[in-house]
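One structure is given below, encoded as structure tokens.
Please treat every number below as a calculation from the coordinates, not as lab data. Remember, it's a predicted structure, so these values are computed and weren't measured experimentally. Backbone-built Cβ (ideal geometry, glycine too); neighbour counts: all protein chains shown.
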There are 2 protein chains.
Amino acid sequence: MNISERVNNMQASPIRRLIPYAEKAKKRGIKVLHLNIGQPDIKTPQIYFDYIKNYSHNIDSYSHSAGIVELREKFCEFYNYYDVNLSSDEIVITQGGSEAIIMSLSVIADPGDEVLVVEPFYANYKGFAGMVNVNLVPVSTTPEAGYKMPEIIDFENKITEKTRAILFSNPCNPTGAVYSKNEIERILKLAKKYNLWIICDEVYREFVFDNLEPFSILSFGDYSDRIIMIDSISKRYSACGARVGLLATKNKDFHREVIKIAQARLSPSTLPQIGTIGLLSLGREYINNIKKEYQYRRDIVYEELNKVDGLYFKKPKGAFYVSVLLPVDDSEKFVKWLLTDFNVNGYTTMVAPLSGFYVAKDSGKREVRVAYVLDDEKIKLASSILAKGLIEYDKLTKEEKLINV
Amino acid sequence: MNISERVNNMQASPIRRLIPYAEKAKKRGIKVLHLNIGQPDIKTPQIYFDYIKNYSHNIDSYSHSAGIVELREKFCEFYNYYDVNLSSDEIVITQGGSEAIIMSLSVIADPGDEVLVVEPFYANYKGFAGMVNVNLVPVSTTPEAGYKMPEIIDFENKITEKTRAILFSNPCNPTGAVYSKNEIERILKLAKKYNLWIICDEVYREFVFDNLEPFSILSFGDYSDRIIMIDSISKRYSACGARVGLLATKNKDFHREVIKIAQARLSPSTLPQIGTIGLLSLGREYINNIKKEYQYRRDIVYEELNKVDGLYFKKPKGAFYVSVLLPVDDSEKFVKWLLTDFNVNGYTTMVAPLSGFYVAKDSGKREVRVAYVLDDEKIKLASSILAKGLIEYDKLTKEEKLINV
């Protein structure tokens with residue numbers, strides 16, 4: 001039976017593909033501290049569940065294909081805080097940020113077209129691009145430079161006649177880098193020069209630390225005609241299972257075309273949208289508290305990882321990730337080993353190997369992403385396990401090398 | 001700014017694109033009886049809402065990418081009734097049948113590959129295929145033949161080296177045709193001969209009338225390695241807004257590959273899955289009652305439309321649609337006119353022009369789809385409006401022709 005090239009070429013989710021080893025570890029009675037996925041342990045605000053419980057209709061019917069109007073209006077109010085002036089017909093509610101990115105790529109690119117992506121990037125971009133046959137072309141950042149935004153010339157070197165857009169997340173998953181307004185404006189100018197779209201994933205917008213102020217790329221009004229902003233409530237409100245995301249754009253051509261796709265799949269799930277209307281009434285105080293919590297965790301992660309010998313990383317400024325260069329040859333092997341052959345008093349930890357967050361297979365082989373989605377005590381414990389694991393692993397690999405000599 | 005060819009070539013949803021005219025009619029105070037979309041007026045069973053209300057976790061977190069295991073197990077039990085023996089790892093829960101079809105097309109076909117589709121077909125297949133650049137090749141049925149399954153030779157005439165699958169729904173949306181076990185087996189034999197996949201959309205499986213027995217294509221065990229079965233709870237449980245669908249297959253290669261896509265988009269919405277676990281505990285009695293209700297409505301629609309002069313159609317055997325040949329040149333113009341220029345005592349009706357359910361633009365121009373998703377009184381009223389509208393429209397077009405002579 002024929003299986004398409006596009007899925008053959010697709011990697012299994014680098015975040016999820018090691019999960020079977022974690023499951024086996026658990027069956028052996030080992031407790032696994034999961035710092036590998038972006039599923040926070042923070043409670044979803046009760047108002048989300050309350051709004052759904054109080055839903056008064058007796059049919060769970062299709063919503064508008066672009067999402068419930070009241071929800072879109074609530075989002076417009078939300079963005080007003082960032083001096084972004086959107087109307088409800090400039091927003092399309094999607095099944096998480098995931099669907100928003102798949103739809104966006106479909107609308108702006110044909111098979112074989114290219115999209116520049118700041119690397120390392122959220123690994124699932126590869127799956128989305130593969131599904132609609134768009135080629136991701138990496139513009140790389142490095143751990144040594146603290147994963148800062150590449151220079152304009154680095155982008156220009158990758159632009160061809162097939163380039164349609166530049167894609168990145170800000171704050172960046174997986175690196176925790178936060179790009180400044182100046183950096184963003186440089187990219188926007190570049191996009192204008194080469195007539196490219198900008199797809200900016202702002203799922204972690206509010207998670208910026210050390211007194212940085214969150215902003216949206218849509219506040220750059222002069223460039224708004226080429227901006228597609230991606231958002232999601234998953235992280236901000238700890239409601240990943242709602243799968244409520246959106247795309248927002250001032251470009252009317254884009255909107256007209258994306259609505260065709262939105263209509264074909266009818267609508268996003270209705271009840272999670274109802275719950276989100278509740279979430280959006282929470283105001284800034286809730287968000288500020290969440291941000292404080294993650295900053296606190298970031299500080300602990302930073303402090304604890306600093307105690308571990310041989311790691312290289314800089315203090316991340318946003319999101320809830322830190323990417324770390326490990327003193328190992330192949331971080332995926334090490335992560336797997338932590339699950340299959342290592343524990344400290346019945347505990348081990350799981351982080352995400354970073355190679356899947358790069359386009360080329362041999363890139364990022366020594367890096368991992370640590371998601372600080374657990375509470376302070378668990379983060380401390382996981383860090384000490386990582387430290388002890390590295391020492392033990394180093395000993396083992398040296399012995400192995402000696403044997404192989 | 002670049003807009004892709006694929007979306008440029010995509011039609012706006014033929015079911016939804018006339019909605020602005022309906023909205024305008026409502027603003028003028030006209031009541032519109034909607035027989036154009038598959039959104040039933042029947043209540044979603046209370047147990048769906050109860051299960052969601054009683055959800056005891058305080059985080060709405062990602063589910064398994066293939067859907068909640070308990071839900072998949074419930075579906076396995078559900079299919080047992082049809083002598084289909086599935087295990088939970090042969091099912092992937094999707095965002096409605098829509099996502100199941102998009103995923104399936106991605107897995108079995110590359111851009112430029114062809115999928116044969118029994119025509120007329122559910123219009124949104126075009127959008128799904130367009131999004132992933134798969135070419136739909138029609139194998140046509142006709143109103144004159146009661147839209148019965150085409151002959152094998154009709155399929156064979158369309159098979160090329162690029163053909164990857166045959167796609168159809170059974171019972172058929174939009175025609176209401178129900179294909180027999182014999183007809184299905186013939187198609188399966190054909191698929192085997194040419195090594196093609198079969199994608200069978202069974203969203204309306206249980207809605208078969210006149211003592212027909214529902215069955216699933218997966219009961220043909222000898223062919224199960226090439227079958228992808230699509231399902232959804234939307235119609236069966238009147239829960240379109242849940243967006244809970246699935247794909248089921250015994251083919252392990254397909255499953256391994258589709259999981260990559262499922263993992264990339266993380267998971268379907270969690271709470272609607274919880275509600276669906278409740279729905280699946282309802283048993284056959286609920287389903288039998290729903291089927292009776294639709295058979296009753298089908299009988300009324302049939303009786304009422306029979307009173308209307310100049311219509312051509314056969315008694316549909318399943319789903320909740322009937323496709324009807326109208327005595328007009330262009331059914332889309334007529335449907336639009338019903339909304340913009342016609343009413344009977346402040347009421348008008350809306351049906352779906354059928355041209356959008358065909359691949360070629362000039363096909364199906366005189367047909368419409370009537371969805372009997374309203375109660376008996378409303379169906380009677382809508383039918384009489386349709387009858388009066390046709391008489392009035394006929395008069396107007398004759399006058400117009402006289403003027404134009």
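Values for this structure:
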quantity	calculated
Equivalent ellipsoid semi-axes - Cα gyration tensor, the stretch A:331-381, angstrom	23, 15, 6
Long-range Cα-Cα pairs in the stretch A:123-197 (distance over 19 Å), rounded percent	38 percent
Cα Rg, Dmax, the stretch B:81-149, angstrom units	14.7, 43
Peptide B:193-200, shielding by other chains (average Cβ, 10 Å cutoff)	1
Under the span-like rule (Cα at least 15 Å along the axis, Kyte-Doolittle mean at least 0.0), DSSP H helices of chain A	A:96-108
Diffusion coefficient, µm² s⁻¹, Stokes-Einstein with Kirkwood Rh over alpha-carbon pairs of the stretch A:46-282 at 4 °C and 1.567 mPa s	71 µm²/s
Compactness of the stretch B:35-178 - radius of gyration and Dmax, Cα, Å	18.7, 57
Whole-number D in µm²/s for the protein assembly as shown (Stokes-Einstein; Kirkwood sum over Cα pairs; 10 °C, 1.306 mPa s)	57 µm²/s
Under the Debye formula (equal points on every Cα, no solvent term), log10 I(q)/I(0) of the stretch B:199-305 at q = 0.10, 0.20 Å⁻¹	-0.38, -1.19
Average beta carbon contacts from partner chains per residue of B:101-112, 10 Å cutoff	5
Prolate/oblate/rounded call for the stretch B:117-242, Cα gyration tensor, a/c under 1.5 rounded	rounded
Flagged links, alpha-carbon separation over 20 Å, of B:LYS148/B:LYS189; B:LYS336/B:LYS365; B:LYS27/B:LYS336; B:LYS148/B:LYS317; B:LYS314/B:LYS380	none
Relative packing of B:234-244, A:46-56, which averages over residues the other C-beta atoms within 10 Å, highest first	B:234-244, A:46-56
Relative packing of B:115-125, B:254-264, A:218-228, which averages over residues the other C-beta atoms within 10 Å, highest first	B:115-125, B:254-264, A:218-228
Evaluated at q = 0.23, 0.27 Å⁻¹: base-10 log I(q)/I(0), Debye formula over Cα of the stretch B:360-405	-0.90, -0.96
Spread of Cα-to-Cα distances over 10 Å intervals beginning at zero, given as percent, for the stretch B:266-405	11, 33, 27, 18, 9, 2, 0
Integer Hz, Karplus 6.51/-1.76/1.60 couplings in order for the stretch B:357-370, x for Gly and Pro	9, 10, 6, 6, 5, 8, 8, x, 5, 9, 9, 9, 9, 10
The protein assembly as shown, helix-only ellipticity at 222 nm - DSSP H runs n ≥ 4, -39,500 (n - 2.57), divided by all residues, nearest 500	-12000 deg cm²/dmol
Karplus-derived HN-Hα couplings along the stretch B:170-177 (A = 6.51, B = -1.76, C = 1.60, θ = phi - 60°), whole Hz, x at Gly and Pro	9, x, 8, 9, x, 8, x, 5
When each of B:LYS31/B:LYS307; A:LYS252/B:LYS333; A:LYS193/A:LYS250 is checked by Cα-Cα distance, pairs over 25 Å	A:LYS252/B:LYS333
Cα pair count fraction exceeding 33 Å, expressed as % - chain B	33 percent
Per-peptide average of other Cβ atoms within 10 Å, ordering B:103-113, A:204-214, A:284-294, A:61-71 highest first	B:103-113, A:61-71, A:204-214, A:284-294
Average partner coverage of A:247-254, which counts Cβ from other chains inside 10 Å	1
Cβ-Cβ FRET estimate between A:SER219 and A:ASN54, R0 fixed at 30 Å, reported to 0.05	0.30
